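The values are calculated or read from the model by the stated rules, or taken from the named source; none is laboratory data. The structure displayed is predicted, hence computed values, not measured ones. Here the Cβ is made from the backbone with ideal geometry for all residues, glycine too, and neighbour counts use every protein chain on show. When the accessible area is computed, the model is the full protein with side chains, heavy atoms only, and any ligands, DNA or RNA have been set aside. Shrake-Rupley method; radii C 1.70, N 1.55, O 1.52, S 1.80 Å.
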Amino acid sequence: MESVDLWSQLAALGQVIAIDLVLAGDNAIVVGMAAAAVPLAQRRKVIVWGIGAAILLRIFFALITTQLLAIIGLTLAGGILLLWVCWKMFRELRSHGTDEVAPDEAMDAPDTPAGVSGNAAAGAAVGGVTVGAAIWQIVVADVSMSLDNVLAVAGAAKDHPTILVIGLLLSVVLMGAAANMIAHVLHKHRWVGWVGLVIITYVALDMIWRGSNEVLMHTSRLS
C-alpha cells in the first residue's frame with residue numbers, strides 16, 4: 001500500500017510541475033505581448049507591474065485554496081475553465097506561436113508605427129497602447145490564469161496536501177524567477193507545450209468528473 005501511495009504522490013507531483021511550467025510560461029508571454037504594445041521607454045514598468053501582479057494573485061489564491069475547494073461546484077467550474085484554457089493553448093500551439101513575445105523580447109523590440117507589419121517580436125510593438133491599459137490587460141489575464149493555476153494544481157494534487165503546498169509554492173517561484181526562460185523553452189520546443197496540454201486536459205476532465213459527482217451528491221442530500 002505504501003508503494004502504491006508513493007507512486008500516486010510522484011504522479012501527482014509530476015503533473016503539478018508540468019502544469020506550473022506551462023502556465024508560468026503562458027503568463028510570461030501574456031506580459032511580454034502587452035508590454036510590446038507600449039512605447040519602448042515604458043515597457044519595463046509594464047513588465048514589472050505585470051509580473052508583480054501575477055505573483056501577488058498567485059499568493060492570494062494559494063492562501064484561500066482550502067476555502068475555494070470547500071465550495072460545492074467550484075471543482076466542476078474549475079474543470080470547465082481549464083478546458084477553455086486547453087482550447088486556447090491548442091489554438092496557440094497549432095498556430096506555432098508566431099505572435100508570441102516574451103518579456104525580454106518586448107524590451108529588445110523597437111517601436112513600430114501602428115499598421116506596420118514585422119516579425120513576431122518587432123511587429124507586436126505598435127506603441128499605440130497606454131501603460132495603464134497594458135497593465136489592466138495583464139491584471140485581467142492574471143486573475144484568470146492565477147485562478148486556473150491554483151485550481152489545476154489542486155486538481156492534480158487531489159488528496160495529497162503536501163504536493164498541493166509544493167505545487168503552489170513552485171508556481172509562485174517560477175512566475176517570479178524563471179517565467180521568461182520558460183516562455184522561451186515553450187516557444188522553441190513546442191512539444192513541451194503539447195505534453196503540458198495533454199496533462200492539463202486530463203486534470204480538467206478529472207475535475208469535471210469529480211466536480212459533477214460532488215454536485216450530484218450535494219443535490220441528492222438536499223432533495
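The number of residues in the stretch 36-73 that are in contact (Cβ under 8 Å) with a residue 12 or more places away in the chain, over 27 Å from ASP108 (Cβ atoms) and either open to solvent by 40 Å² or more (accessible area, probe 1.4 Å) or not in a helix (DSSP H, G or I) (or both) comes to 5.
Condition check for TRP136 on (1) closer than 30 Å to PRO39 by Cα; (2) among the hydrophobic types (A, V, I, L, M, F, W, C); (3) in contact (Cβ under 8 Å) with a residue 12 or more places away in the chain: one failure, at (3).
Give ASP148, ASP159 a once-over and let me know the one that is among the charged types (D, E, K, R), without any contact (Cβ under 8 Å) to a residue 40 or more places away in the chain and under 20 Å from ALA70 (Cβ atoms).
ASP159
Looking at this structure, is ALA12 in contact with a His (Cβ under 6 Å, 6 or more places away or on another chain), at pLDDT 80 or above and surrounded by 15 or more Cβ atoms within 10 Å (Cβ to Cβ)? For ALA12, the condition - in contact with a His (Cβ under 6 Å, 6 or more places away or on another chain), at pLDDT 80 or above and surrounded by 15 or more Cβ atoms within 10 Å (Cβ to Cβ) - is met. Of the helices (runs of 4 or more DSSP H) lying entirely inside the stretch 111-213, those containing at least 3 residues that are under 14 Å from VAL31 (Cβ atoms) and either at pLDDT 85 or above or open to solvent by 40 Å² or more (accessible area, probe 1.4 Å) (or both) span 131-157, 179-188.
Put simply, of GLY32, GLY79 the only residue that is at negative phi and in contact with a Phe, Trp or Tyr (Cβ under 9 Å, 6 or more places away or on another chain) is GLY79.
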